[in-house]
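Here the structure is laid out as structure tokens; the discussion comes afterwards.
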Amino acid sequence: MIYRFVWQATMAAHFLVIAYIALGGFAAWWRPRLAWPHLALCAWALVQLTGLVECPLTALENWGRARAGERGLLPGGFIDTYIEGIVYPEEYVTVVRLAVIAVVLVSWAGLAVVIRRRRRRPSRTTGTSAAPAPEASR
């Protein structure tokens, strides 16, 4: 039972990572510090596209599946098993990848605008005001 939980939790984490790769740049509009993990995951995604290394989440999920007596992921890994042919037809792989890259680039362009606007905005004071508070009328 624990092995089933391992592979299912890993599958859920995989979906979250992929969603963050696609949409994390927009989260950085809210909190610019989120741009750094987004950039790191985007770089990792590019490495994964080369097929030179196996994703550790794929390895963990396959390990859990094997211990639970389940069949492993398809040779292409998580995306080939759960997304291609299910979320979109396999013949649109290139189109979908280009669309995700476009979404990421748009989010980064928007982040640049957000950061620029924040730098131009005058800083706010915290809790105190330079002008005296109005007196209460009697």
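The values are calculated or read from the model by the stated rules, or taken from the named source; none is laboratory data. The structure presented is a predicted model; accordingly, all values stated were derived computationally and were not measured. Methodologically, a virtual Cβ is constructed for each residue, glycine included, from the backbone with ideal geometry; neighbour enumeration extends over all protein chains shown. Note: accessible area is taken over every heavy atom of the protein model, side chains too, but ligands, DNA and RNA are not part of it. Shrake-Rupley method; radii C 1.70, N 1.55, O 1.52, S 1.80 Å.
Things to note:
- 1.4 Å probe accessible area per residue over the chain, in Å²: 75 Å²
- Mean projected area in nm² (Cα convex hull; one quarter of hull surface) for segment 54-120: 6.6 nm²
- Taken over the alpha carbons of the chain as equal point scatterers, the Debye sum produces base-10 log I(q)/I(0) values at 0.09, 0.19, 0.20 Å⁻¹ of -0.43, -1.15, -1.21.
- From most to least packed by mean Cβ count within 10 Å, the peptides 98-111, 13-26 give 13-26, 98-111.
- FRET efficiency for GLN8 and VAL113, using Cβ-Cβ distance with R0 set to 41 Å, rounded to 0.05: 0.55
- Shown is the FRET efficiency for ARG71 and ILE101, computed with R0 = 22 Å from the Cβ-Cβ distance and rounded to the nearest 0.05: 0.10.
- Within the chain, helices built from complete DSSP H runs that reach 20 Å or longer along their own axis (Cα positions) and carry a mean Kyte-Doolittle hydropathy of -0.5 or higher are 2-30, 35-50, 93-120.
- Remark: accessible surface ordering of GLU91, GLU70 (largest first) is GLU91, GLU70, probe radius 1.4 Å.
- Residue-averaged [θ]222 nm for the chain, counting only DSSP H segments that reach four residues, each worth -39500 (n - 2.57): -21500 deg cm²/dmol
- Full extension of the chain between THR94 and LEU41 gives 17.1 nm of extra length, using 0.36 nm per residue less the Cα-Cα distance.
- Accessible surface of the chain, 1.4 Å probe, proportion on carbon and sulfur as whole %: 65 percent
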